[in-house]
Amino acid sequence: MQRFSWQRIFVYFCAIFLAGAVWTNLTPTALAFNNPDLLPTTPTPIIDLAKSLTSVQEEKLAAELDAFQTETGWKLRVLTQYDRTPGTAVKSFWGLDEKSILLVADSRGGNILNFSIGDAVYDLLPRTFWIELQTRFGNLYFVREEGEDQAIIQAIGSIEGCLRQGGCRVVPGLPREQWILTLITSVLGGVICGFAGQSRSKGQGFSWQWALIFSPLWGILFLAFGIAPVITRTSDWLPLVRNISGFLIGVLVAFLSPIFSRPSASEN
């Protein structure tokens, strides 16, 4: 099992919000230039100028994209670049339209993935999907561990899977870092609920009134940030059980904390 890294989870968490904050235009800025001399002479769904893919990977992925277009009508294209780019020339080369998705992999930025998306795609895959997709597979930690080739291949696989099933609100799959964040919010929600439910008079058990008063706070942490991200991304029951257990443990520890803080009879 991989050793848990707090730094990696913190960067992953910050990357989600940073990507959302700067996401104003899905068309990559690198396409502002126009250099048709870099375009291949034969039709192909992949232009790998940065050599991010091996020849075997490129051949297999190209055949997959062609078959996917024949099957579904959606046009997926891949452009990798570094110091050279054909820019806007790829639009006419590939005939990009409202049912097209162009993945641009450029390692010069903090996140290597960018997307140029046709208008019809947003009906099935909203902007939040693309933000999460970019954050999950294009971040520096993923690229460092898995490689640029896997960032491209897995991102394309997620897009194809969602288009085949008629659309997705979120990217399928639950990475370990994201699950740990949901576990933390679940435990935190349980702690708040436990503190709110502490008895405030002698002989009183769990104070449901106070727990309900604070329910918007612990409910958001537990349900919105602890449970919803899990059930919308995976059908695996284990992360869900762990988050619910974490919430209950947080409730129990916070509720019983006054007992542990009381002085013992011997001390009195």
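Overview of values
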{"item": "Within segment 231-259, considering residues that are crowded, with 19+ Cβ neighbours inside 10 Å and aromatic (Phe, Trp, Tyr), the one farthest from ARG176 (Cα to Cα)", "result": "PHE255"}
{"item": "Among the candidates GLN178, GLN209, GLN165, GLN204, residue that is out of contact with any helix residue (DSSP H, G or I) (no Cβ under 7 Å at 6 or more places or on another chain), at pLDDT below 95 and within 30 Å of GLU146 (Cα to Cα)", "result": "GLN165"}
{"item": "Selected residue [outside any loop (DSSP other than H, G, I, E, B), surrounded by fewer than 22 Cβ atoms within 10 Å (Cβ to Cβ), within 22 Å of the chain's Cα centre (by Cα) and charged (D, E, K, R)] from ARG144, ARG108, ARG136", "result": "ARG144"}
{"item": "Leading residue by the ranking (farthest from ASP149 (Cα to Cα)) among those in segment 46-78 that are of a type in the set (D, E, K, R) and open to solvent by less than 60 Å² (accessible area, probe 1.4 Å)", "result": "LYS75"}
{"item": "Count of residues meeting criterion [within 26 Å of the chain's Cα centre (by Cα) and part of a helix (DSSP H, G or I)] in segment 45-72", "result": "10"}
{"item": "Pairs where the first residue, in segment 226-250, is free of Cβ contacts under 8 Å to residues at least 12 places away in the same chain and of a type outside the set (Lys, Arg) and the second is in a helix (DSSP H, G or I) and surrounded by fewer than 16 Cβ atoms within 10 Å (Cβ to Cβ), C-beta under 8 Å, 6+ apart", "result": "none"}
{"item": "Test: residue in segment 119-133 that is within 30 Å of GLY246 (Cα to Cα) and open to solvent by less than 10 Å² (accessible area, probe 1.4 Å)", "result": "yes"}
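Every residue, every condition in (1) touching a Cys at 6+ places or on another chain (Cβ under 7 Å); (2) at pLDDT below 95; (3) within 15 Å of ARG164 (Cβ to Cβ), yes or no:
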position	(1), (2), (3)
GLN57	no, no, no
ASP66	no, no, no
LEU76	no, no, yes
TYR82	no, yes, no
GLY87	no, yes, no
LYS91	no, yes, no
ASP97	no, yes, no
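Residue-by-condition table, conditions (1) within 24 Å of the chain's Cα centre (by Cα); (2) open to solvent by 90 Å² or more (accessible area, probe 1.4 Å); (3) among the acidic types (Asp, Glu); (4) closer than 30 Å to TRP74 by Cβ:
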| residue | (1), (2), (3), (4) |
| --- | --- |
| LEU163 | yes, no, no, yes |
| LEU174 | yes, no, no, yes |
| GLN198 | no, no, no, no |
| GLY205 | no, no, no, no |
| GLN209 | no, yes, no, no |
| SER215 | no, no, no, no |
| PRO229 | yes, no, no, yes |
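The values are calculated or read from the model by the stated rules, or taken from the named source; none is laboratory data. Source: prediction; values computed, not measured. All Cβ positions, glycine included, derive from the backbone under ideal geometry; neighbour counts span all protein chains shown. Side chains are part of the model used for accessible areas, which takes the heavy atoms of the whole protein and leaves out ligands, DNA and RNA. Shrake-Rupley method; radii C 1.70, N 1.55, O 1.52, S 1.80 Å.
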